[in-house]
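The values are calculated or read from the model by the stated rules, or taken from the named source; none is laboratory data. What you see is a predicted model, and the numbers here were worked out from it, not measured in a lab. All Cβ positions, even for glycine, are placed from backbone atoms using ideal geometry, and neighbour counts span all protein chains on display. These accessible areas exclude ligands, DNA and RNA; they are computed on the full protein's heavy atoms, side chains included. Shrake-Rupley method; radii C 1.70, N 1.55, O 1.52, S 1.80 Å.
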Amino acid sequence: MTPVLYSYRRCPYAMRARMALKYADIQVEHREIDFRNKPQSMLLVSPKGTVPVLCVDGIILDQSLDIMHWALGRSDPDGWKQVDNVVSQAWIEKNDGPFKVLLDQYKYPNRFPDLNEGHVLNSAIDLMLKPMESALQSSNYLLGNKISWVDVAIFPFIRQFAAVNPKRFEELPFTSINAWLNQHLESDLFNSVMDKHPTWLD
């Protein structure tokens, strides 16, 4: 049976899962969801109602990192997982934890009227962007001169952060991050997983 992937085109969690599946050359049945009308078939297998969800061989994977690691366990031709696990985990925990909180505050200021937008931006810079810039000044990617799963896992969130105010982001003193971001944005891998799909209806 072809694995079934419930996804949403612009969701950063779904993006990184799709990129890993594509890189590993795993064919899936893509089911694009509408968050305002989530398909019952998805809710039955994953009641939390978020994407991505991968249904494969009787297994339900509804965490993006689990999908990435499952895919790379099947095929990892360029050695994406050949990196330090401790350093990898530190980057991911920072991105998926406090940086994601700041990203939401920065992207949706109307939801957080008590917060100062400039303070949120500066917090994100200190937490994530400065360490990333430092890492990328000494190597092409976050964990060395080869792309790894960590770059792919973090890229969609930096893409989303930059897109809030592209002009402001470009004016920040992070030339290495901008080069890294643009490389991902222009990559065949990223563009191959951004095709538009019709909304799945049960």
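Greater than 26 Å separation of Cα atoms is the criterion. Which listed pairs, Lys38/Lys196; Lys81/Lys167; Lys107/Lys167, meet it? Over 26 Å apart, Cα to Cα: Lys81/Lys167. Of the solvent-accessible surface of the chain, computed with a 1.4 Å probe and all protein chains present, 49% belongs to carbon and sulfur. In this Cβ point-charge picture (+1 for Lys and Arg, -1 for Asp and Glu), the stretch 1-106 has a dipole of about 360 debye about its Cα centre. In loop segments of the stretch 1-46 as defined by DSSP, the trypsin sites (Lys or Arg not before Pro) with at most 14 further C-beta atoms inside 10 Å of their C-beta are Arg10, Arg36. Put the Cα centre of the stretch 23-46 next to the Cα centre of the stretch 82-113 and the gap is 24 Å. Which of Pro113, Pro173, Pro39 moves most in a GNM of the chain, Cα contacts under 10 Å? In the Gaussian network model the winner is Pro113.
Label-to-label distance for His69 and Lys130 is 3.1 nm, based on points extended 7 Å past Cα in the beta-carbon direction.
Average accessible surface for the chain: 52 Å² per residue, computed with a 1.4 Å probe over protein heavy atoms with every protein chain in place.
Using C-alpha pairs below 8 Å separated by at least 6 residues, the relative contact order for the chain is 27 percent.
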